Amino acid sequence: MKKIRYSGIRPSLIDIWWNAFMVKDCKEWDEHNIPFCRTLRDEIPEDLVTWKQAKHIFKENNKKNKNFKRNEYICFYLDDFLFDGINGIWFAYNKAYEIIKHFAGIIAPDFSTNADFPLPLKWWNTYRMRAFGFWCSTMGINVINNVRWSKDTLDICFRGIPKNSIVAIGAVACRLKNLKNRADFEEYLIKMIEVLQPHTILVYGSSNYACFKSLWTSGIKIVTYPSRRNTKKDYSGDAR
């Protein structure tokens, strides 16, 4: 991987962690230096594929046509080791872009902010979600912000996401059949609505819960992408 020299007040510093180049053109920052990531096109993805699936699609199609295009968006609702690490999208970003550019867009990466993670790591991963998303947007890739929360990240998890926009959440690993987990999820979902006021929420997983029905009836569009299989549906159950 090519090393990037930091272009700030210490030009001799080698940037190996925070990929300063990704946000060098960012003009909007929150007070804690989280970059704002704005969506270029306010559109609903035709379908979602995971990063693992996208790599397979790239491998199969790139052999036949170097300029192939797909209508799906790439999402990262996977275990982190499948897209992060020394060979993952953050450090091997050029290789990641060579795959991403063949798709219609991405859901910003779902770097984990688990409840048992140290707080500095949660800040770091929140920064990386927005920075990677912003960088992709500067490369002409449409990016929809991913919202990931936990009990002690409600003061940071919405940073860098514009209000009144389209956002995405992953529900596949939330264990919502557990009533305690569902109650927590609904509490944080309501908090997201209060802070971000999104007009559309993309749900990767199941939206067959009362909290989503309530949002749908209040005028917020809920679009569901069942994980791995089935067709995309909105909350009303109509295939789209």
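Some observations on this one:
- Looking across the stretch 54-79, the residues that are closer than 15 Å to ALA96 by Cα and surrounded by 15 or more Cβ atoms within 10 Å (Cβ to Cβ) come down to ALA54, LYS55, ILE57, PHE58, TYR73, ILE74, CYS75, PHE76.
- Tallying residues that are under 10 Å from CYS37 (Cα atoms) and polar (S, T, N, Q) within the stretch 94-137 yields 1.
- Sole exception among (1) of a type in the set (S, T, N, Q); (2) assigned to a helix (DSSP H, G or I); (3) under 24 Å from GLN197 (Cα atoms) for GLN53, by number: (3)
- Among residues of the stretch 185-204 being touching a strand residue (DSSP E or B) at 6+ places or on another chain (Cβ under 6 Å) and of a type outside the set (Phe, Trp, Tyr), the one that is nearest to PHE158 (Cα to Cα) is PRO198.
- Test result for CYS26, modelled with pLDDT of 90 or more, surrounded by 12 or more Cβ atoms within 10 Å (Cβ to Cβ), under 25 Å from THR153 (Cβ atoms) and touching a Ser or Thr at 6+ places or on another chain (Cβ under 7 Å): no
- For the stretch 48-84, residues that are out of contact with any strand residue (DSSP E or B) (no Cβ under 9 Å at 6 or more places or on another chain) and under 22 Å from ASN125 (Cα atoms) total 5.
- Flag if ILE74 is part of a loop (DSSP other than H, G, I, E, B) and modelled with pLDDT of 95 or more: no
- Residue in the stretch 186-223 that is modelled with the lowest pLDDT, counting only those that are in contact with a helix residue (DSSP H, G or I) (Cβ under 8 Å, 6 or more places away or on another chain) and outside any helix (DSSP H, G or I): TYR209
- Residues that are surrounded by fewer than 19 Cβ atoms within 10 Å (Cβ to Cβ), free of Cβ contacts under 8 Å to residues at least 60 places away in the same chain and either touching a helix residue (DSSP H, G or I) at 6+ places or on another chain (Cβ under 7 Å) or not polar (S, T, N, Q) (or both) within the stretch 40-53 comprise just one, LYS52.
The values are calculated or read from the model by the stated rules, or taken from the named source; none is laboratory data. From a predicted model like this one, the values you see are computed outputs, not experimental measurements. Ideal geometry is used to build each Cβ from the backbone, glycine not excepted, and the neighbour counts take in all protein chains shown.
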